[in-house]
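Participant: Sharing a structure, written as structure tokens. Questions coming.
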Amino acid sequence: MIIDVAADPAAGITSAVEALGRGDVIAVPTETVYGLAADATNEAAVSQIFDIKRRPGFNPLICHCSDLEMVSEFATLDPVSLRLADRFWPGPMTLVLNSNPGRLPSVTTAGLTTVAIRIPMGFSNGLIRSYGRPLAAPSANISGRVSATTAAHVESEFGDGVPLILDGGPTKIGVESTILRVRENGIELLRPGGLPIELVEHAAGLQVSAPNLSRKVLAPGMLTSHYAPRAMVRLNATRVEPGETLLKFGDAILPGEGACARVFNLSPEGGLEEFAAKLYATLKEADDAGAESIAIVPIPDEGLGLAINDRLRRAAAPRTLTLGELEQAAVRNKEAR
């Protein structure tokens, strides 16, 4: 069932609260991407998310809360994290915090002593407030594939596998949240996202650094191959090969563009926000059109471009994790607990 929550938010919340209370997994819109949501405190319901998404069990989920009072029930906010929360929540920022023991099932946190938490904007915030408990809500897509930015994307990906889809229209930001963890010597960026790190550094007065990816998977989106369409992806294209599908940024004409199978200009005026909002939907459209190879022009690696380039690099990475790679990731997490 699909409910248009833009037209009737009350009906959407009523149906969603009932479904969540039954232990169902539902699809909800957020300002970033659509999420597959379940009661974060319900072990059986959260386990269904992993099954539906075909998601590795060592990859932790983000818990979405309605306000700081709810956050404090499940995690401890250090002073810097609290400063960031006051500045950027509700919004596209996730903080990895020390979890309060016994409050969440281990399946939600992948057995870690930390938990990734976000307070979203808009309809999803009102839903969580009405439900009264946090929602575990990773992106509404098969693990590793392109994230959903419309209800139609969710329906196409899962069909009847998700009993309730709440249609809030196209998502505003179009890429996932920025994931951060506060350390003694600064702030660690675990995943670039909809909140530019320049704003984080200005608000916190601290430098944001890249994580040690060889240590463990602390948060979603840290696997090498992720956010990938079926078609192969070629980055930083300065010319186009015959038959390729081209994703453009700006109005420059590339050599070979006339022989393209198809051209998508995500932002003729070169706006990173516009490009990000259209990226996942365009990758899906190219896939649906039968693209075999997608060439993407260089994107500035600043502001929101940091998140865009992160997603594009993962989309272009080798697609299949070997059994050994999965085992190594699981071992790293076990050793880090």
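Participant: Cβ under 13 Å from Pro90's Cβ, Pro90 left aside: what net charge do those residues give with Lys, Arg +1 and Asp, Glu -1?
Facilitator: +1
Participant: Highest mean first, how do 256-262, 229-235 rank when packing is the count of other Cβ atoms within 10 Å averaged over residues?
Facilitator: The densest-packed peptide leads the list: 229-235, 256-262.
Participant: Hey, another quick one. Using every Cα-Cα pair within the stretch 147-190, state what percent have a distance larger than 13 Å.
Facilitator: 64 percent
Participant: Considering only protein heavy atoms and a probe of 1.4 Å, how much of the accessible area of the chain is carbon and sulfur, as a whole percent?
Facilitator: 51 percent
Participant: Any chance you could count the Lys pairs in the chain whose alpha carbons are under 18 Å apart, treating pairs 8 or more apart or on different chains as valid?
Facilitator: 6
Participant: Where does helix 305-316 land angle-wise versus the long Cα axis of the chain, in degrees 0 to 90, nearest 10?
Facilitator: For helix 305-316, the angle is close to 80 degrees.
Participant: I need the phi-derived Karplus couplings for the stretch 28-44: 6.51 cos²θ - 1.76 cosθ + 1.60, θ = phi - 60°, integer Hz, Gly and Pro marked x.
Facilitator: With the stated coefficients, the stretch 28-44 comes to 10, x, 10, 6, 8, 9, 6, x, 8, 10, 8, 4, 5, 8, 9, 4, 5 Hz.
Participant: Which of the three applies to the stretch 221-294, rounded, prolate or oblate, going by the alpha-carbon gyration tensor with a ≥ b ≥ c and a/c under 1.5 meaning rounded?
Facilitator: oblate
Participant: From the helices alone, meaning DSSP H stretches of at least four residues, give me the mean residue ellipticity at 222 nm for the chain, per-run term -39500 (n - 2.57), in deg cm²/dmol to the nearest 500.
Facilitator: Theoretical 222 nm ellipticity from helices: -10000 deg cm²/dmol.
Participant: Rounded to the nearest whole Å², what accessible area per residue is found for the chain with the 1.4 Å probe?
Facilitator: Here the residues of the chain average 41 Å² of exposed surface.
Participant: So who's got an amide H within less than 5 Å of the one on Lys248, skipping anything under 5 residues away but keeping other chains? H placed 1.01 Å off N, in plane.
Facilitator: Amide H neighbours of Lys248, under 5 Å, 5+ apart: Phe264, Asn265, Leu266.
Participant: Long-range amide H contacts for Asp4: which residues qualify at under 5 Å (H placed 1.01 Å from N, peptide plane, sequence gap of 5 or more or a different chain)?
Facilitator: Asp167
Participant: How would you classify the chain from its alpha-carbon gyration tensor, with a ≥ b ≥ c the square roots of the eigenvalues: rounded for a/c under 1.5, else prolate if a/b is greater than b/c, otherwise oblate?
Facilitator: prolate
Participant: Further question: How about the stretch 50-123: which trypsin sites (Lys or Arg not before Pro) there lie in a loop by DSSP and see at most 13 other Cβ atoms within 10 Å?
Facilitator: Those that pass, being in a loop and sparsely packed, are Arg54.
Participant: Taking the chain as the reference, fit the longest principal axis to its C-alpha atoms, fit the long axis of helix 9-21 to the helix C-alpha atoms, and give the angle between the two in degrees, 0 to 90, nearest 10.
Facilitator: 60 degrees
Participant: So what's the gap between the Cα centers of the stretch 112-182 and the stretch 244-308, to the nearest angstrom?
Facilitator: Measuring centre to centre over Cα atoms gives 24 Å.
Participant: If I histogram all Cα-Cα distances within the stretch 1-145 using bins 10 Å wide from 0, what percent of pairs lands in each bin?
Facilitator: 12, 45, 35, 7, 0
Participant: Ok, one more. Highest mean first, what order results for 306-317, 171-182, 197-208 on Cβ atoms within 10 Å?
Facilitator: 171-182, 306-317, 197-208
Participant: Same structure, new question: Where a ≥ b ≥ c are the square roots of the eigenvalues of the C-alpha gyration tensor, would you call the stretch 18-76 rounded, which needs a/c under 1.5, or, failing that, prolate if a/b is larger than b/c, or oblate?
Facilitator: The shape class here is rounded.
Participant: Taking H as built 1.01 Å from N, whose amide H comes closer than 5 Å to the amide H of Ala37, not counting residues under 5 places away?
Facilitator: Ile26, Ala27, Val28
Participant: Could you calculate the FRET efficiency of Arg183 with Asp8 from 1/(1 + (r/R0)^6), where r is the beta carbon distance between them and R0 is 35 Å, rounded to 0.05?
Facilitator: After rounding to 0.05, the efficiency reads 0.20.
The values are calculated or read from the model by the stated rules, or taken from the named source; none is laboratory data. Since we're looking at a predicted model, the values are computed, not measured. Ideal geometry is used to build each Cβ from the backbone, glycine not excepted, and the neighbour counts take in all protein chains shown. For the accessible areas, the whole protein counts, side chains as well, though only heavy atoms, and no ligand, DNA or RNA atoms are used. Shrake-Rupley method; radii C 1.70, N 1.55, O 1.52, S 1.80 Å.
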